[in-house]
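Q: The structure follows.
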Amino acid sequence: MLKNGISLSTQFYALIIVMTFIAFAGSLLSSTLTLRDYLNSQLGSHAQDAAHNLGLAISSSGGADTVLIHTLASTLFDSGYYQQIRFVDNEERELVNLSHDNNAAVPRWFSDVFALQAPIMQSEISDGWLVLGTLTVQSNTVLAERSLWQQTTRNLLSSALLFALAALAIHVILRALLKPLRQIVQQAEAVGRKEFRQNPGRTVTRELNLVLGALNSMVLNISKVFSEQSRYAEQLMQQAYLDPLTSLPNRRALQQQLSNLQQDAKLNHNALYVAMVSLSSLQQTNDEQGYASGDQYVQKAASLLRQLQQQYPALQLFRLSGSEFAIIGAADRTSAAELDNKLIQALEQEHSQCYSQGFGRAVSVLAEAAESFSNILARLDTLQAQDNVQLLTGANTEADLCAPGRLQWQQLIDRLLHHNDSSDANMELLLQPVADQQHKLVYAECLLRFVVDDKPLSTAEVLAMAARLNRADTLERQMLQFILQSLPQLSGGAVAINISEAVLCSDDLRQWLLLQLAQGAATLPPLLVEIAEHSIIQHPQQAAQFITKLQQLNIKVVIERFGANLTSLRHIQHLNIDYVKLDAGFINDLEQESNRFFIMTLTQICHSVGIKVLATHLESIDRLEACKSLNVDGFQGFVLGEIINFTFLSKKGDVNKTKMQYTLKQVFNPKGDTYDAS
Amino acid sequence: MLSFQVFTRVEPFALSDTLLQQTEQGYGEAALQRVLRWQALINNSRGNSDWNKLHKANDFANREVAYASDEAHWGKSDYWATPLESLQTGAGDCEDYVILKYFMLRAMGVEENKLRLMYVRALTQNEPHMVLTYTEKPGQYPLVLDNINPKILPANKRTDLRPVYAFNGSGLWMAKAQGLGNKVENSAGVSQWQQLLERIEHGN
């Protein structure tokens, strides 16, 4: 509680209770003391009166002797109002002494604390001119004590009643006064979660109204700036990657996504089908009928191809240049041939008198896994030039379509799944650092590699196969368990875990993971979680809930492959995330001015809501420097340091004694950052 | 301020300049001179025997203060004037003589327990009266300081007076001392003696 300070209302309550208590206790004490003093003085004057009266009576009776004094003193004493009556003669001889033992009339502690002291009063007794001795009288305190006690208990009761009433009134008033304060706190917390909502409440307190107003307008401004910038960035992105006439992704978009598409195709053990459609009569139409007709021609072709593409969800359509469209997607040979046919048919149907050179021509190839964009284009151009209408899909690929058989995969995955002992789990934990502008380690990302018979397998491939065999959940759980078991051996920095789409799909898996994270909080290093942007867009509600839960466990959230989708910014506005990791496509295309400008804008927007931006796949110093100059906050890539194999290192030596040096490359940080396993 | 504590200290008895000024302005030169003579007499008698002190105080009071009833002098049926008031006005009744003499003797250093304020009945005039008595030893007849008969005589020689009741000035202070250190006061029935002490303590 004390970490964030004590709440204002608690302090108010404590203060008021203490003050009220002091006031009531003080007034009770003071009234008791006043009454005690008054009673003491009454006892004194009572005793003095008695002393004088007795003295006068004895002195004026004539012929005073001890018997007379005793008799008269007894008369007074037996009334019970006196504690003691003594007579002492001139030689200090005590001739009369009458006194009571008092029964306690009030609790002992009370008479101890508020002891009544009845003064001893005296008078002289004389026989004519001669003084015979001194008479002393002390009043009895019992009655006075009793009335002091009664008065005090009455006061206490009425004080307690007043105290209770006052406390109730104060509670009601404070609640009303502090209500807007609670609203402000909630609003501030909401801003912290990047929710920009207005606070409608108004209060009777002027100062609080001012704060409320200021906060509201601030929140309004932030949210306005954010949405304006987001809109602007989306426009930029669309300008850069969309063809304005057909709203199709352009050549640059294809260039950026080609490697992703190639990877996907490989994972699915398909070739990447690339078809190019060129509008043969466009030049002529433009020249003869004007550009408006040319545009119509292009739009017609675009909608035709879009219809075709919609039948094959794996395919994507791009407009490469004025007269050229590309259709790309994973396909095996059979479906590639089928596609070719459909394409040719569709184009032939549109052929008419209007298009003297024909409506369009299509050529296609199956691209290799690592084939460059320019190489693919070159091959397509060659086909175009051959003036051969027949498509040549079948003949042009050397893509490796051989893969382990389905049965083989099933065995492999079963083998991976049935290892409960983490020491022999066929998995290796790798760590890759993310460093900031000051060359300090931000965190290390956990990467997982499957090793079967000492041969590493592609993680992506294993995951894809597991998904196909409906084992994605089990495998994901196995992987996370392995990571969570390894991490306690690591210390010295924060570590990020990758969460796949499988976790967002499965409620069970999410529950399990959150439980593991909560239980391991004491032993695990500070954690981050990386979630891919497309997973979040696919499962927005689950993602939002999951992220909220993670934040409650003090786990930070990174969105990776950020920006791959053109509407990314819309999705992050309401998510309470800490970092975004730019999609590698942006980094690969850093030479483009507009791309750099886009990254800078994106960074600004993210910074405006407190999100940090990370760049990955940095493989050269030039790119690292470029990203630095664009205000990117954190960097990851081979240029910063080798990936280290944590599992291997901890197996090799005694983990408890091995100090692992994790060195960022010299270019970045001459001293190197250390990563300890202890 | 003429504090009561003045009487218990051995320091010279001195009235403040303010009091002297007030006396001169309010009561004239004669009053000032009476007060100054009083002050001088007290300071000069400190080393004397009790016998001498008694005579000096008795003579001074009887000489400087003229008899006047409370009704005539103060317009009240029974008013106990402070020593200073008696001297300033130069008049007083029997109680005022007794009070003046009592405080003078105390200031000169006469022990408190030897002095008594005594109510008596003056048989000649047949009216209530008050005298100051001085008892050398307990059991002995006291000496009587009176304004009717200015000569100091042993009590048994004063057949014109019949004793009624004596009180010792210290009794009230004893009560004060034992009363939790607070003054023994009550607003309902404050005795003349207490009122007088209060007025003295407040400088009148």
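Q: For the stretch A:123-143, which residues drop by 40 square angstrom or more in accessible area between the chain on its own and all protein chains together (1.4 Å probe)?
A: Residues meeting the cut-off: A:Glu124, A:Trp129, A:Leu130.
Q: To continue, here is another question. Leaving ligands, DNA and RNA out of it, work out the accessible area of A:Asp112 with a 1.4 Å probe and give it in Å² to the nearest 10.
A: Accessible surface of A:Asp112 is approximately 90 Å².
Q: Got a sec? What order do A:Asp127, A:Asp287, B:Asp93, B:Asp50 fall in by accessible area at 1.4 Å, biggest, i.e. largest, first?
A: I get A:Asp287, A:Asp127, B:Asp50, B:Asp93, largest accessible area first.
Q: Keeping all protein chains in position, work out how much accessible area B:Met108 exposes to a 1.4 Å probe, and write it in Å² to the nearest 10.
A: My reading of the accessible area for B:Met108 is about 0 Å².
Q: Ignoring ligands, DNA and RNA, how much accessible area is buried between chains A and B, both sides summed, with a 1.4 Å probe, to the nearest 100 Å²?
A: 2100 Å²
Q: To continue, here is another question. Working from Cα positions, state the angle (0 to 90°, nearest 10) between the long axis of helix A:66-77 and the longest principal axis of chain A.
A: 40 degrees
Q: Another question, then. Send over a whole-number figure in Å² for the accessible area per residue of the protein assembly as shown, probe 1.4 Å.
A: I get 49 Å² per residue for this part.
Q: Using R₀ = 35 Å, calculate the FRET efficiency as 1/(1 + (r/R₀)^6) where r is the Cβ-Cβ separation of A:Leu553 and A:Lys224; round to 0.05. Mind dumping the intermediate values first?
A: Details: r = 32 Å, r/R0 = 0.93.
FRET efficiency, A:Leu553 to A:Lys224: 0.60.
Q: Listed highest first by mean packing, meaning other Cβ atoms within 10 Å per residue, what order do A:31-38, B:140-147, A:432-439 come in? Walk me through the numbers on the way to the answer.
A: Details: A:31-38: 14.9, B:140-147: 22.5, A:432-439: 18.2.
For the peptides A:31-38, B:140-147, A:432-439, the packing ranking is B:140-147, A:432-439, A:31-38.
Q: Sticking with this structure for a sec: For the stretch A:2-164, compute Rh as the Kirkwood radius over C-alpha pairs and then the Stokes-Einstein diffusion coefficient at 10 °C and 1.306 mPa s; write the answer in µm²/s, rounded to an integer. The partial results should precede the final answer.
A: On the way: Rh = 18.9 Å.
Translational diffusion coefficient: 84 µm²/s.
Q: What are the residues whose amide H is under 5 Å from the amide H of A:Glu560, where those residues sit 5 or more places off or on another chain and H is modelled from the backbone?
A: Distant-sequence amide H within range of A:Glu560: A:Ile531, A:Ala532, A:Glu533, A:Lys581.
Q: Still on this structure, please answer the following. Test of understanding: what is the full-extension gain from A:Leu143 to A:Asp78, defined as 0.36 nm times their sequence separation minus their Cα-Cα distance?
A: Gain on extension, A:Leu143 to A:Asp78, equals 21.9 nm.
Q: Give me the percent relative contact order of the stretch A:251-394, please, defined on Cα pairs under 8 angstrom at least 6 residues apart.
A: The normalised contact order for the stretch A:251-394 reaches 34 percent.
Q: Output the relative contact order of the stretch B:71-149, whole-number percent, from Cα pairs under 8 angstrom with separation of 6+ residues.
A: Contact order relative to length: 23 percent.
Q: On to the next question. Add -39500 (n - 2.57) for each DSSP H run of 4 or more in chain A, then divide by its residues: what number comes out at 222 nm, to the nearest 500 deg cm²/dmol?
A: -17000 deg cm²/dmol
Q: Let me ask you something else. Report relative contact order for chain A in percent, whole number only (criteria: Cα-Cα under 8 Å, sequence separation at least 6).
A: 9 percent
Q: Which entries in A:Lys224/A:Lys556; A:Lys455/A:Lys612; A:Lys179/A:Lys224; A:Lys342/A:Lys581 show an alpha-carbon gap greater than 32 Å? Each step should come with its number before you reach the end.
A: Values: A:Lys224/A:Lys556 26 Å; A:Lys455/A:Lys612 37 Å; A:Lys179/A:Lys224 27 Å; A:Lys342/A:Lys581 40 Å.
As for pairs spanning more than 32 Å Cα to Cα, those are A:Lys455/A:Lys612; A:Lys342/A:Lys581.
Q: Within a Cβ distance under 14 Å of A:Asn216, other residues only, what is the Lys/Arg minus Asp/Glu net charge?
A: +2
Q: Can you tell me which aspartates and glutamates have their Cα less than 15 Å from the Cα of B:Lys157? Leave out same-chain residues fewer than eight positions away.
A: Here the aspartates and glutamates satisfying the reach criterion relative to B:Lys157 are B:Asp146.
Q: OK, next. Within 10 Å, at most 11 other Cβ atoms, and a DSSP state outside H, G, I, E, B define an exposed site. Report the longest part of chain A free of exposed GluC sites (Glu not before Pro).
A: That would be A:93-397.
Q: Sticking with this one: Distance between the C-alpha centers of the stretch A:577-634 and the stretch A:269-343? Whole Å please.
A: So the two Cα centres are separated by 33 Å.
Q: A further question on this structure: Roughly how many percent of the accessible protein surface of the protein assembly as shown is carbon and sulfur, given a 1.4 Å probe and a whole-percent answer?
A: Within the protein assembly as shown, the accessible surface is 52 percent carbon and sulfur.
Q: Under 5 Å between amide H atoms, partner at least 5 residues away or on a different chain: which partners does B:Val164 have, H built in plane at 1.01 Å?
A: Those qualifying (amide H under 5 Å, at least 5 residues apart or on another chain) are B:Tyr119, B:Val120, B:Arg121.
Q: Between A:Ile621, B:Ala66, B:Ser86, whose Cα lies farthest towards the positive end of the dipole of the protein assembly as shown when Lys and Arg beta carbons carry +1 and Asp and Glu beta carbons carry -1, centred on the Cα centre?
A: Positive-most Cα among the choices belongs to B:Ala66.
The values are calculated or read from the model by the stated rules, or taken from the named source; none is laboratory data. This structure is a prediction, so every number in the text was calculated from the model and none was measured. Virtual Cβ from ideal backbone geometry, glycine too; neighbours counted across all protein chains shown. All accessible areas refer to the heavy atoms of the entire protein, side chains included, with ligands and DNA or RNA removed. Shrake-Rupley method; radii C 1.70, N 1.55, O 1.52, S 1.80 Å.
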